[in-house]
1. Is it the case, given these coordinates, that Ile90 is at pLDDT 95 or above and crowded, with 17+ Cβ neighbours inside 10 Å?
2. Regarding the stretch 30-40, can at least one residue be identified that is acidic (Asp, Glu) and in contact (Cβ under 8 Å) with a residue 60 or more places away in the chain?
3. Can you find even one residue in the stretch 51-68 that is part of a loop (DSSP other than H, G, I, E, B) and in contact (Cβ under 8 Å) with a residue 40 or more places away in the chain?
4. What single numbered condition from (1) exposed (fewer than 13 other Cβ atoms within 10 Å of the Cβ); (2) touching a Gly at 6+ places or on another chain (Cβ under 7 Å); (3) not in a loop (DSSP other than H, G, I, E, B) fails to hold for Gly72?
5. Can you find even one residue in the stretch 30-42 that is under 25 Å from Ala8 (Cα atoms), aliphatic (A, V, I, L, M) and in a loop (DSSP other than H, G, I, E, B)?
6. Exactly one condition in (1) exposed (fewer than 14 other Cβ atoms within 10 Å of the Cβ); (2) at pLDDT 90 or above is false for Asp81; which is it?
7. Against the definition (without any contact (Cβ under 8 Å) to a residue 24 or more places away in the chain, over 14 Å from Gly104 (Cα atoms) and exposed (fewer than 14 other Cβ atoms within 10 Å of the Cβ)), how does Ala23 come out, yes or no?
8. Using beta carbons and a limit of 7 Å, which pairs, at least six apart or on different chains, have the first residue in the stretch 75-88 and over 11 Å from Ser103 (Cβ atoms) and the second one assigned to a loop (DSSP other than H, G, I, E, B) and of a type in the set (Val, Ile, Thr)?
Amino acid sequence: MIIANYPANSSTIQIAVTSTASAAAVIPGSGSSIRICNEGPSNCYVAIGDNSVVATVPTSTAASSCTPVLSGADVVFSKQDISDTYISAITMAGNNATINVSSGEGS
C-alpha cells in the first residue's frame with residue numbers, strides 16, 4: 001500500500017493495546033486523515049473522537065467505537081469531524097497489540 005502525502009517525519013504516537021480500553025490519547029499532527037499501523041500480534045479495535053472517546057470490542061449491536069485494525073495492517077481513516085483529535089484502542093480479552101498513530105493528508 002502506498003501512503004500518499006504523509007511526510008517522512010510525521011509526528012507519531014505509540015499505544016500499547018490490551019483488553020482494557022486505552023485512555024483517550026491525542027492524535028499528533030494535523031490533517032484530514034489518521035494513519036494507524038498495527039504491529040500486532042493481535043487485532044485491535046479503535047474509536048476516534050473527542051477527549052471522552054472509549055474503544056469497545058464488537059458485539060451484536062453496531063457501534064462506531066469498535067472499528068477493527070487487523071494485526072499487521074497499515075490503514076488510513078478519514079476524520080469525520082474537526083473534533084476527531086483523540087483515539088482509544090482495545091483488544092479482545094487475553095490479547096495485546098501495539099499501534100502507531102499519526103495524522104496527515106493521504107489515502
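The values are calculated or read from the model by the stated rules, or taken from the named source; none is laboratory data. On a predicted model such as this, the values are computed, not experimentally measured, just so you know. Counting neighbours? That spans all protein chains shown, and the Cβs are built from the backbone with ideal geometry, glycine included.
1. Numbers: at pLDDT 95 or above: yes; crowded, with 17+ Cβ neighbours inside 10 Å: yes.
Spelling it out, Ile90 is indeed at pLDDT 95 or above and crowded, with 17+ Cβ neighbours inside 10 Å.
2. Taking every residue of the stretch 30-40 in turn, at least one turns out to be acidic (Asp, Glu) and in contact (Cβ under 8 Å) with a residue 60 or more places away in the chain.
3. Within the stretch 51-68, the first condition is being part of a loop (DSSP other than H, G, I, E, B), and the residues that meet it are 51-66.
Checking the rest, the ones that are also in contact (Cβ under 8 Å) with a residue 40 or more places away in the chain come to none.
No, every residue in the stretch 51-68 fails to be part of a loop (DSSP other than H, G, I, E, B) and in contact (Cβ under 8 Å) with a residue 40 or more places away in the chain.
4. (3)
5. no
6. So the condition that Asp81 fails would be (2).
7. On the way: without any contact (Cβ under 8 Å) to a residue 24 or more places away in the chain: no; over 14 Å from Gly104 (Cα atoms): yes; exposed (fewer than 14 other Cβ atoms within 10 Å of the Cβ): yes.
The answer is no for Ala23.
8. Between residues of the stretch 75-88 that are over 11 Å from Ser103 (Cβ atoms) and residues that are assigned to a loop (DSSP other than H, G, I, E, B) and of a type in the set (Val, Ile, Thr), the close pairs are Tyr86/Ile27; Tyr86/Val53; Ser88/Val53; Ser88/Val54.
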